[in-house]
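Enquirer: Structure in structure tokens, see below.
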Amino acid sequence: MSAKLIVTLFYLQFIFLTSCQEVAKFFRKDYHYIDSTKSFYKIHTIHRTWIDAKEMCDFEGTTLFYPNDEDEARAVINYWNQTQPFSYIYIGVWTPNAKEVFETVDGLSIFQIHNAWGPGEPNNAGGNEECVVLRKDGTLNDDICTQKLPFICKKTLSTLEWNMLCDLPDMGYQYNELGRCYKFHLNPRSWHYAVKICDAEQSYLAIINSDAEANVLVNITKNTPKNDVEDTNYLNGVVHLGFKFNDIWETIKHESLRRSGYTKWEVGQPDGKGKETCGSMFFNGKLNDISCDQRCFFICEHEPGYLNEGIGVRFGRPN
Ligand SMILES: [Ca+2]
Ligand SMILES: [Ca+2]
Ligand SMILES: [Ca+2]
């Protein structure tokens, strides 16, 4: 089937599904929709520092939650009480510009949102309380940013966009003729960090399974404008891929590289002599062993249908 035909079929399916039934309120399986606020929420039970919490929400294509008003605070705390034992959580309010000047992660003043401070708060205890927590009783407290706490990520229904071809709520993924989707990340990261980000995007660090797929990745790399990257602390000319050395070279799906379908190392590679145990690809498509701590670009891969839901859940399955 040609790529054009596939695109047309997906488009027709989209028209059919959207005209036949109301679109389900679906973002991701791990997010819960609250109708009164027209938004999706995920309570993160793995405790993180404030900055890591903010970043994790970014990776999931969402925002570190803060309550816009009392109604939202009540609705979200109600959901939290029904499902989790926590007494307080980080919210997306901090003091990025000056101490005691509280702003949301998207730049609103604390005066524009739900700002019911607890008794005696904010008090900037110890002079270093620069992040805000929401307590179970709906009140706020300024607190230190470096402790690890649970938090909530939020996505509003009005900002939700569905990538039909990739079956994913992320327009950064590009569909191609192999029936796969890829996203080239221009924020250089270590290999393990790259694995984490792809996972947060419901994808995985790309695995090359054929010469054709290598060509696709080479072309995506070639066509991605890489010169505007402000970060200079990274190794240029390579991208992290989803394989590593674990007694043998294997993919992150635990298949030996040989079985995965692509083993074209660059001449002289692997050359790390045990010090380069993570996998990468030169811009020309040839493989390279690399230090896992080395920061560089990376590519995430997503197979439509990987989540075994997506379009079906979002638009209903035609009978
Ligand atoms: Ca305080
Ligand atoms: Ca692949
Ligand atoms: Ca190497």
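Enquirer: Could you list all residues from segment 210-229 that are of a type in the set (D, E, K, R) and either outside any loop (DSSP other than H, G, I, E, B) or surrounded by 13 or more Cβ atoms within 10 Å (Cβ to Cβ) (or both)?
Expert: The answer is Asp211, Glu213, Lys222, Lys226.
Enquirer: Another one. Just to be sure I understand, how many residues within segment 92-137 are crowded, with 17+ Cβ neighbours inside 10 Å and among the hydrophobic types (A, V, I, L, M, F, W, C)?
Expert: Qualifying residue count for the region: 10.
Enquirer: Could you tell me whether any residue of segment 191-209 is assigned to a loop (DSSP other than H, G, I, E, B), surrounded by fewer than 16 Cβ atoms within 10 Å (Cβ to Cβ) and either within 16 Å of ligand 2 (Cβ to nearest atom) or modelled with pLDDT under 95 (or both)?
Expert: No, segment 191-209 contains no residue that is assigned to a loop (DSSP other than H, G, I, E, B), surrounded by fewer than 16 Cβ atoms within 10 Å (Cβ to Cβ) and either within 16 Å of ligand 2 (Cβ to nearest atom) or modelled with pLDDT under 95 (or both).
Enquirer: Which condition breaks for Tyr90 when tested against (1) more than 28 Å from Pro169 (Cα to Cα); (2) within 14 Å of ligand 1 (Cβ to nearest atom); (3) not β-branched (Val, Ile, Thr)?
Expert: (1)
Enquirer: Regarding segment 231-249, can at least one residue be identified that is among the charged types (D, E, K, R) and within 16 Å of ligand 3 (Cβ to nearest atom)?
Expert: yes
Enquirer: Going by the structure shown, is Asp52 within 26 Å of Lys183 (Cβ to Cβ), in a loop (DSSP other than H, G, I, E, B), acidic (Asp, Glu) and away from ligand 1 (no atom under 16 Å from the Cβ)?
Expert: no
Enquirer: Check Asp137, Asp167, Asp142 and return the single one that is out of contact with any Asp or Glu (no Cβ under 6 Å at 6 or more places or on another chain) and either within 16 Å of ligand 3 (Cβ to nearest atom) or farther than 22 Å from Phe27 by Cα (or both).
Expert: Going through Asp137, Asp167, Asp142 in turn, the sole match is Asp137.
Enquirer: Give the residue, chosen from Phe102, Phe151, that is aromatic (Phe, Trp, Tyr), over 25 Å from Ile46 (Cβ atoms) and out of contact with any Gly (no Cβ under 6 Å at 6 or more places or on another chain).
Expert: Phe102
Residues checked against (1) in a strand (DSSP E or B); (2) within 16 Å of ligand 1 (Cβ to nearest atom); (3) modelled with pLDDT of 95 or more; (4) farther than 22 Å from Gln174 by Cβ:
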| site | (1), (2), (3), (4) |
| --- | --- |
| His254 | no, no, yes, yes |
| Thr263 | no, no, yes, yes |
| Asp271 | no, no, yes, yes |
| Met281 | yes, no, yes, no |
| Asp289 | yes, no, yes, yes |
| Gly305 | no, no, no, no |
| Asn308 | no, no, no, no |
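Enquirer: Within segment 233-292, how many residues turn out to be over 22 Å from Tyr182 (Cα atoms) and of a type in the set (A, V, I, L, M, F, W, C)?
Expert: Qualifying residue count for the region: 4.
Enquirer: Taking Leu178, is it without any contact (Cβ under 8 Å) to a residue 60 or more places away in the chain, within 16 Å of ligand 2 (Cβ to nearest atom), farther than 25 Å from Lys29 by Cβ and not basic (Lys, Arg)?
Expert: So Leu178 passes the test.
Enquirer: Quick one: what pairs do we get from segment 147-166, first residue outside any loop (DSSP other than H, G, I, E, B), second basic (Lys, Arg), C-beta under 6 Å, 6+ apart or different chains?
Expert: From segment 147-166, the pairs are Cys153/Lys42; Leu157/Lys38.
Enquirer: Ok, one more. Here is a check on your reading of the model: is Tyr41 modelled with pLDDT of 95 or more, surrounded by fewer than 21 Cβ atoms within 10 Å (Cβ to Cβ) and more than 17 Å from Leu140 (Cα to Cα)?
Expert: Considered against the rule, which asks whether it is modelled with pLDDT of 95 or more, surrounded by fewer than 21 Cβ atoms within 10 Å (Cβ to Cβ) and more than 17 Å from Leu140 (Cα to Cα), Tyr41 comes out as no.
Enquirer: So Leu134 ticks every box in (1) farther than 30 Å from Val195 by Cα; (2) in contact with a Gly (Cβ under 6 Å, 6 or more places away or on another chain) but one. Which box is left unticked?
Expert: All conditions pass for Leu134, except number (2).
Enquirer: Taking segment 147-156, which residues are farther than 12 Å from Glu60 by Cβ and surrounded by 15 or more Cβ atoms within 10 Å (Cβ to Cβ)?
Expert: Across segment 147-156, the qualifying residues are Leu149, Pro150.
The values are calculated or read from the model by the stated rules, or taken from the named source; none is laboratory data. Note that the structure is predicted; figures quoted are calculated from it, not measured. Note that we place each Cβ from the backbone using ideal geometry, even for glycine, and neighbour counts take in every protein chain shown.
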